[in-house]
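Everything below concerns the one structure shown next.
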Amino acid sequence: MTDKTMTPDEVVSRLRSGMTIGIGGWGSRRKPMALVRAVLRSDLTDLTVVSYGGPDVGLLAAAGRIRRLVAAFATLDSIALEPHFRTARQEGAFELTEVDEAMFMWGLHAAANRLPFLPVRAGIGSDVMRVNPQLRTVTSPYEDGETFVAMPALRLDAALVHMNRADRLGNGQYLGPDPYFDDLFCEAADAAYVSCERIVDTAELTKEAAPQSLLLKRTSVTGVVETPNGAHFTSCVPDYGRDEAFQKLYATTPWPEFAERFLSGADESAYRTAVQAWHEEQSK
């Protein structure tokens, strides 16, 4: 058994410009934001980002780190369209491969199973095929002869996900209402890095919730990072909800101003201090 604990900066030191990086969570829910902020503190660029997009996509797009985005959407949930994603996309700052949510999921399944593609019905008869002319169809070899979309595998060089709990070996647990396909992100990647609210002993993982909440297996995890409040400003229920006030600030503040105040510090603690100071200002 190996202790896989790391710091956010140690995770980022293992990444390289030009990589394909999958980011777990969904919209503005349980995103590995502390790891995304660590990427922003680095010189990584030219990334292909694969995500059920939220502020992870917005931050990286605004900072000019994305070369290509593969996504089913980019939303802040309570704010329908991620505004920094929208701005970057309107400016043509990166390539976009937009697919149906189910196609995205099956692309992860294909990668997790080391298959080149999987046949899916999703996308047939829709504009997904028109805007993605590189997609191909396949015909069933059986009597039905049905036509399917051949959804290519979404192979990842690295995955970044956030859990409520994890142990030092890489087993990860979610305590909220949805796994958000984080296990598929890890299994589809050559290396997977898990941030969590709290690292606990392995035996503790089954005391707080049912065994089926143990989403991530240590065999698919490369590194574990303890980052309390590491999904902020997205939600990480039941530990905390979305910081709606701060998310609204993020969505309405010009990027240079937001980045200077909240993202220019040397580490994650500087971010937390800046956020706390802002909340204290609002309470006066």
| field | Members of segment 9-41 found to be small (G, A, S) and out of contact with any Pro (no Cβ under 8 Å at 6 or more places or on another chain), listed by number | value | S13, S17, G18, G22, G27
| task | List the number of the failed condition for R68; all other conditions in (1) surrounded by fewer than 18 Cβ atoms within 10 Å (Cβ to Cβ); (2) closer than 21 Å to N164 by Cα; (3) charged (D, E, K, R) hold. | result | (2)
| task | Kindly establish whether A158 is over 13 Å from the mean Cα position of the chain (by Cα) and outside any loop (DSSP other than H, G, I, E, B). | result | no
| task | State yes or no: is V36 within 24 Å of G223 (Cβ to Cβ), part of a strand (DSSP E or B) and not acidic (D, E)? | result | no
| note | Pairs returned, first residue in segment 237-261 that is among the aliphatic types (A, V, I, L, M), second residue that is surrounded by fewer than 17 Cβ atoms within 10 Å (Cβ to Cβ) and in a helix (DSSP H, G or I), beta-carbon separation under 8 angstrom, 6 or more apart or interchain, are A245/H279; A245/Q282; L249/W278
| request: Sort out which residues of segment 117-149 are more than 20 Å from A72 (Cα to Cα), part of a loop (DSSP other than H, G, I, E, B) and hydroxyl-bearing (S, T, Y), and write them in order of number. | output: S140, Y142
| request: Filter segment 36-57 for residues that are touching a residue at least 60 places away in the same chain (Cβ under 8 Å) and touching a Phe, Trp or Tyr at 6+ places or on another chain (Cβ under 9 Å) and give the result. | output: R37, V50, Y52, G54, P55
| request: Please determine, by comparing only the residues of segment 238-284 that are hydrophobic (A, V, I, L, M, F, W, C) and not in a helix (DSSP H, G or I), which one is nearest to P55 (Cα to Cα). | output: L263
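Residue-by-condition table, conditions (1) of a type outside the set (D, E, K, R); (2) in a helix (DSSP H, G or I); (3) over 12 Å from the mean Cα position of the chain (by Cα):
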residue: K31; (1), (2), (3): no, no, no
residue: T45; (1), (2), (3): yes, no, yes
residue: L76; (1), (2), (3): yes, no, yes
residue: I79; (1), (2), (3): yes, no, yes
residue: H84; (1), (2), (3): yes, yes, yes
residue: A93; (1), (2), (3): yes, no, yes
residue: M103; (1), (2), (3): yes, yes, yes
residue: A110; (1), (2), (3): yes, yes, yes
residue: L115; (1), (2), (3): yes, no, yes
| Given the conditions (1) surrounded by fewer than 19 Cβ atoms within 10 Å (Cβ to Cβ); (2) under 16 Å from the mean Cα position of the chain (by Cα); (3) outside any strand (DSSP E or B), which single one is not true for C186? | (1)
| Sole exception among (1) touching a strand residue (DSSP E or B) at 6+ places or on another chain (Cβ under 9 Å); (2) without any contact (Cβ under 8 Å) to a residue 60 or more places away in the chain for P133, by number | (1)
| said: So, in segment 196-218, how many residues would count as being part of a helix (DSSP H, G or I) and either under 20 Å from E268 (Cβ atoms) or without any contact (Cβ under 8 Å) to a residue 40 or more places away in the chain (or both)? | reply: 7
| task | Name every residue in segment 6-29 that is in a strand (DSSP E or B) and either farther than 25 Å from E101 by Cα or of a type in the set (D, E, K, R) (or both), in order of residue number. | result | R29
| said: Suppose the filter is part of a loop (DSSP other than H, G, I, E, B), modelled with pLDDT under 95, over 15 Å from the mean Cα position of the chain (by Cα) and loosely packed, with under 13 Cβ neighbours inside 10 Å; does P177 pass it? | reply: yes
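The values are calculated or read from the model by the stated rules, or taken from the named source; none is laboratory data. Values in this document were obtained by computation on a predicted structure and should not be read as measured data. Every residue, glycine among them, receives a Cβ derived from its backbone with ideal geometry; neighbour counts consider all protein chains shown.
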